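A.B. asks: Just dropping this structure here.
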Amino acid sequence: MSEEFYRIKRLPPYVIAEVNAMRAAARGAGEDIIDLGMGNPDLPPPAHVIAKLCEVAQKPDAHGYSASKGIPGLRKAQANYYGRRFGVDVDPETEVVVTMGSKEGLASLATAITAPGDVVLAPNPSYPIHTFGFIIAGATIRSVPTTPDENYFRSLERAMAFTVPRPSILVVNYPSNPTAETVDLAFYERLVAWAKENKVWILSDLAYSELYFDGNPTPSILQVKGGKDVAVEFTSLSKTYSMAGWRVGFAVGNRELIAAMTRVKSYLDYGAFTPIQAAACAALNGPQDIVEQNRLLYHKRRDILVDAFGRAGWDIPAPRASMFAWAPLPPALAHLGSLEFSKQLLTEAKVAVAPGVGYGEDGEGYVRIALVENDHRLRQAARNVKKYLQSMGVNTPGQSKAI
């Protein structure tokens, strides 16, 4: 009875939870922690979405079990979104299923299509569900790079040539969490051709589809001709409409994969609360000005972060999309490693970030910084970081300049 359960033994300690526990303890002790660790939007959802939630929740018949695959109106609203945003024709009956956030969707599809011993190709570093959703389902992970260059495709070819059994699933995530890297449609065209040639399913996580910067809209893999033959794509309302806690997401694409996922979900859940699904319809079908407003706000925060931290002595590459910056450790402190650096930043600078090693071994040497505090707090974080760097003997440029 003392032995660990099979699936629990396959899960390592959640590294990021260690920093999260320290942050909670510090806040519990009354310390003012600037939390740039978790990607939890600090903005409110649109007012009309909240109004719709309240309206439908008042109806006596809105509190029973809902539809596991999502109410028809919400599946149609998502299909319409794909039509107007990507020019992709989607059948709401057979090519859309509503999920409880993209995270649950990925886990449910992994359960539906993975057999013990299957090999899944997943990026490293990556958001934990991209690997552990399949590990929990019994699969083995073979890592591929996150950076979408020629080495990426060479790694795919090596994986197919030297892995037994041959990989059957590839997970992609652009804009990437945590690295914020992006791809163009040509990348997806090449990837779809590769997947068809090698008989591999592609699961695309597009949770940050609307948080793109510098006027470069994020493409969808389903825009590729024949993309739906091999791919399913996950999206979410969490970041787009600041509805993270509502847990509303979607899987869209290949009918065979959608059918498998729908069948498994029918055994696992009864779907999200109906008033939440109705409110999600209001988000997708209603005024979209909030999407552009949020995009501009995150863009502004990105620029403030990069500028203020740079003047504090920590050069951070400007992300082209998402709500994160993927920051290499200051060279003079790289020897600390991402976990120890994150702990020291929390303790000494009162700034919480996520250690890169929590996203895979190739994340070592980086931290993920979330753009979830306002302009004033980001500048305060930079001032705190500057003091910490100076205390560690790091030369900071322009020490006389205000941040």
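A.B. asks: Determine whether I8 is modelled with pLDDT of 85 or more, over 21 Å from F234 (Cβ atoms) and either of a type outside the set (S, T, N, Q) or open to solvent by 40 Å² or more (accessible area, probe 1.4 Å) (or both). It would help to see each step written out before you state the result.
C.D. replies: Values: modelled with pLDDT of 85 or more: no; over 21 Å from F234 (Cβ atoms): yes; either of a type outside the set (S, T, N, Q) or open to solvent by 40 Å² or more (accessible area, probe 1.4 Å) (or both): yes.
It is false that I8 is modelled with pLDDT of 85 or more, over 21 Å from F234 (Cβ atoms) and either of a type outside the set (S, T, N, Q) or open to solvent by 40 Å² or more (accessible area, probe 1.4 Å) (or both).
A.B. asks: Considering each of L378, L297, L333 in turn, give the residue that is aliphatic (A, V, I, L, M) and farther than 26 Å from P44 by Cβ.
C.D. replies: L333
A.B. asks: Additional query: Checking the conditions here, which among R84, R142 is open to solvent by 60 Å² or more (accessible area, probe 1.4 Å) and closer than 17 Å to I202 by Cα?
C.D. replies: Only one candidate passes the filter, namely R142.
A.B. asks: Is there a residue being buried (at least 21 other Cβ atoms within 10 Å of the Cβ), closer than 18 Å to P92 by Cα and modelled with pLDDT of 95 or more anywhere in the range 185-198? Let's see the steps before the verdict.
C.D. replies: Within the range 185-198, the first condition is being buried (at least 21 other Cβ atoms within 10 Å of the Cβ), and the residues that meet it are 188, 191-192, 195.
Filter again for closer than 18 Å to P92 by Cα, leaving none.
Looking for residues that are buried (at least 21 other Cβ atoms within 10 Å of the Cβ), closer than 18 Å to P92 by Cα and modelled with pLDDT of 95 or more, one finds none in the range 185-198, hence no.
A.B. asks: Next question, about the same structure. Tell me, which residue of the range 199-216 that is charged (D, E, K, R) and open to solvent by 20 Å² or more (accessible area, probe 1.4 Å) is farthest from P145 (Cα to Cα)?
C.D. replies: Of the range 199-216, the ones charged (D, E, K, R) are 199, 205, 210, 214.
Now restrict to residues that are open to solvent by 20 Å² or more (accessible area, probe 1.4 Å): 199, 214.
Values: K199: 20, D214: 25 Å.
Checking each candidate, the answer is D214.
A.B. asks: Is at least one residue of the range 381-390 closer than 26 Å to A207 by Cα, β-branched (V, I, T) and crowded, with 18+ Cβ neighbours inside 10 Å? Lay out the reasoning, then the answer.
C.D. replies: First, the residues of the range 381-390 that are closer than 26 Å to A207 by Cα: none.
Taking every residue of the range 381-390 in turn, none turns out to be closer than 26 Å to A207 by Cα, β-branched (V, I, T) and crowded, with 18+ Cβ neighbours inside 10 Å.
A.B. asks: When you scan the range 348-359, how many residues do you find that are surrounded by fewer than 22 Cβ atoms within 10 Å (Cβ to Cβ) and either under 18 Å from the mean Cα position of the chain (by Cα) or in a loop (DSSP other than H, G, I, E, B) (or both)?
C.D. replies: 2
A.B. asks: Next question. Taking the criterion of being of a type in the set (A, V, I, L, M), touching a residue at least 40 places away in the same chain (Cβ under 8 Å), under 27 Å from N294 (Cα atoms) and not in a loop (DSSP other than H, G, I, E, B), would at least one residue in the range 371-381 satisfy it?
C.D. replies: The first filter runs over the range 371-381 and keeps only residues of a type in the set (A, V, I, L, M), leaving 371-372, 378, 381.
Adding the requirement that they be touching a residue at least 40 places away in the same chain (Cβ under 8 Å) leaves 371-372, 378, 381.
Add one more test, that the residue is under 27 Å from N294 (Cα atoms), and what stays is 371-372, 378, 381.
Now narrow it down to the ones that are not in a loop (DSSP other than H, G, I, E, B): 378, 381.
Taking every residue of the range 371-381 in turn, at least one turns out to be of a type in the set (A, V, I, L, M), touching a residue at least 40 places away in the same chain (Cβ under 8 Å), under 27 Å from N294 (Cα atoms) and not in a loop (DSSP other than H, G, I, E, B).
A.B. asks: Given the conditions (1) under 23 Å from L211 (Cα atoms); (2) touching a strand residue (DSSP E or B) at 6+ places or on another chain (Cβ under 9 Å); (3) touching a residue at least 60 places away in the same chain (Cβ under 8 Å); (4) open to solvent by less than 10 Å² (accessible area, probe 1.4 Å), and given that W314 satisfies all but one, which numbered condition is not satisfied?
C.D. replies: Result: W314 fails condition (1) only.
A.B. asks: So, one more: Just to be sure, is K225 free of Cβ contacts under 8 Å to residues at least 40 places away in the same chain and not in a helix (DSSP H, G or I)? I'd like the intermediate steps shown before the answer.
C.D. replies: Working: free of Cβ contacts under 8 Å to residues at least 40 places away in the same chain: yes; not in a helix (DSSP H, G or I): yes.
Yes, satisfied.
To keep it simple, each residue is scored yes or no on (1) more than 17 Å from the chain's Cα centre (by Cα); (2) at pLDDT 95 or above; (3) open to solvent by 20 Å² or more (accessible area, probe 1.4 Å).
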position	(1), (2), (3)
I129	no, no, yes
I135	yes, no, yes
L156	yes, yes, no
M160	yes, yes, no
P167	yes, yes, no
V172	no, yes, no
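A.B. asks: Of all residues being outside any strand (DSSP E or B) and in contact (Cβ under 8 Å) with a residue 40 or more places away in the chain in the range 92-103, which is least open to solvent (accessible area, probe 1.4 Å)? Just the residue, please.
C.D. replies: Taking the range 92-103 as the starting set, the residues that turn out to be outside any strand (DSSP E or B) are 92-95, 100-103.
Adding the requirement that they be in contact (Cβ under 8 Å) with a residue 40 or more places away in the chain leaves 94-95, 100-103.
Numbers: T94: 50, E95: 16, M100: 64, G101: 0, S102: 17, K103: 93 Å².
Per the criteria, the residue is G101.
A.B. asks: When you look at P330, is it in contact (Cβ under 8 Å) with a residue 60 or more places away in the chain and over 29 Å from Y14 (Cα atoms), yes or no?
C.D. replies: On the way: in contact (Cβ under 8 Å) with a residue 60 or more places away in the chain: yes; over 29 Å from Y14 (Cα atoms): no.
So P330 fails the test.
A.B. asks: Going through the range 231-285 one residue at a time, which ones are hydroxyl-bearing (S, T, Y) and assigned to a loop (DSSP other than H, G, I, E, B)? Show your work before the answer.
C.D. replies: If we filter the range 231-285 for residues that are hydroxyl-bearing (S, T, Y), which is where we start, we get 235-236, 238, 240-242, 262, 266-267, 270, 274.
If the condition is that a residue be hydroxyl-bearing (S, T, Y) and assigned to a loop (DSSP other than H, G, I, E, B), then S238, T240, Y241, S242, Y270 are the ones that fit.
A.B. asks: Given the conditions (1) touching a His at 6+ places or on another chain (Cβ under 7 Å); (2) within 17 Å of V252 (Cβ to Cβ), which single one is not true for F213?
C.D. replies: Unmet condition: (2).
A.B. asks: Six or more apart or on different chains, Cβ atoms under 6 Å: show the pairs whose first residue is in the range 179-191 and hydroxyl-bearing (S, T, Y) and whose second is open to solvent by less than 40 Å² (accessible area, probe 1.4 Å).
C.D. replies: From residues that are hydroxyl-bearing (S, T, Y), the pairs are T179/T146; T179/W326; T182/Y174; T182/P175; T182/A321; Y188/I221; Y188/V224.
A.B. asks: For the range 286-324, which residues satisfy the criterion of being within 26 Å of T182 (Cβ to Cβ) and outside any helix (DSSP H, G or I)?
C.D. replies: Once the filter is applied, which keeps residues that are within 26 Å of T182 (Cβ to Cβ) and outside any helix (DSSP H, G or I), the range 286-324 yields Q288, W314, D315, I316, P317, A318, P319, R320, A321, S322, M323, F324.
A.B. asks: So, one more: Is it fair to say Y388 is among the aromatic types (F, W, Y) and touching a residue at least 60 places away in the same chain (Cβ under 8 Å)?
C.D. replies: Numbers: among the aromatic types (F, W, Y): yes; touching a residue at least 60 places away in the same chain (Cβ under 8 Å): no.
Spelling it out, it is not the case that Y388 is among the aromatic types (F, W, Y) and touching a residue at least 60 places away in the same chain (Cβ under 8 Å).
A.B. asks: So P328 passes all but one of these: (1) open to solvent by less than 10 Å² (accessible area, probe 1.4 Å); (2) in contact with a strand residue (DSSP E or B) (Cβ under 6 Å, 6 or more places away or on another chain); (3) within 21 Å of Q380 (Cα to Cα). Which condition number does it fail?
C.D. replies: (1)
A.B. asks: So which residues in the range 217-259 are open to solvent by 10 Å² or more (accessible area, probe 1.4 Å), of a type in the set (F, W, Y) and within 13 Å of L109 (Cα to Cα), if there are any at all?
C.D. replies: none
The values are calculated or read from the model by the stated rules, or taken from the named source; none is laboratory data. In this text, all values refer to a predicted model and were calculated from it rather than measured experimentally. Don't worry about glycine lacking a Cβ; one is built from the backbone with ideal geometry, like all the others, and counts go over all protein chains shown. Quick note on the areas: whole protein, heavy atoms, side chains included, nothing else; ligands and nucleic acids left out. Shrake-Rupley method; radii C 1.70, N 1.55, O 1.52, S 1.80 Å.
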